[in-house]
Amino acid sequence: EKQMTLSTTQPKSMALYHFDGCPYCAMTRKAIGQLGLDIEQRNIQQQAQHKNDLVQGGGKKQVPCLRIEHANGETQWLYESGDIINFLSN
């Protein structure tokens, strides 16, 4: 039953903005792995473009940040590891 709800509300695409030395990023990456999700990971320390996209799109250089592109074309920038993990767990 949960599967059906998921498919209707599932975002079109997601990407996680992060970097290696960040404990909250590590926690979020671990949760993504445990949930078995395939989410593109964008390291803002290795790619200046990722950092620029994060600041321009999300408004701040805070990681982790999950960029969620919804099926309706809206883009959401979700900060805070706890909020990201909650969002992905539902």
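The values are calculated or read from the model by the stated rules, or taken from the named source; none is laboratory data. Because the structure is predicted, anything quoted here is derived from the model rather than measured. A quick note on method: Cβ atoms are made from the backbone with ideal geometry, for glycine too, and the neighbour counts reach across all protein chains shown. Heads up: the accessible areas ignore ligands, DNA and RNA and are worked out on the full protein's heavy atoms, side chains in. Shrake-Rupley method; radii C 1.70, N 1.55, O 1.52, S 1.80 Å.
Listed values, structure above:
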read-out: Strands (runs of 3 or more DSSP E) contained in the stretch 35-90 and holding at least 2 residues open to solvent by 80 Å² or more (accessible area, probe 1.4 Å) and either closer than 14 Å to C22 by Cβ or free of Cβ contacts under 8 Å to residues at least 40 places away in the same chain (or both); value: 40-43
read-out: Leading residue by the ranking (most open to solvent (accessible area, probe 1.4 Å)) among those in the stretch 18-34 that are under 20 Å from F87 (Cβ atoms) and among the charged types (D, E, K, R); value: K30
read-out: Residue check for G33: on the phi > 0 side of the Ramachandran plot and of a type outside the set (K, R); value: no
read-out: Answer residue from the stretch 51-84, given it is under 9 Å from the mean Cα position of the chain (by Cα) and among the β-branched types (V, I, T) and is farthest from P11 (Cα to Cα) among those; value: I84
read-out: Matching option when the condition is in contact with a helix residue (DSSP H, G or I) (Cβ under 9 Å, 6 or more places away or on another chain) and at pLDDT below 95, among A71, A15, A31; value: A71
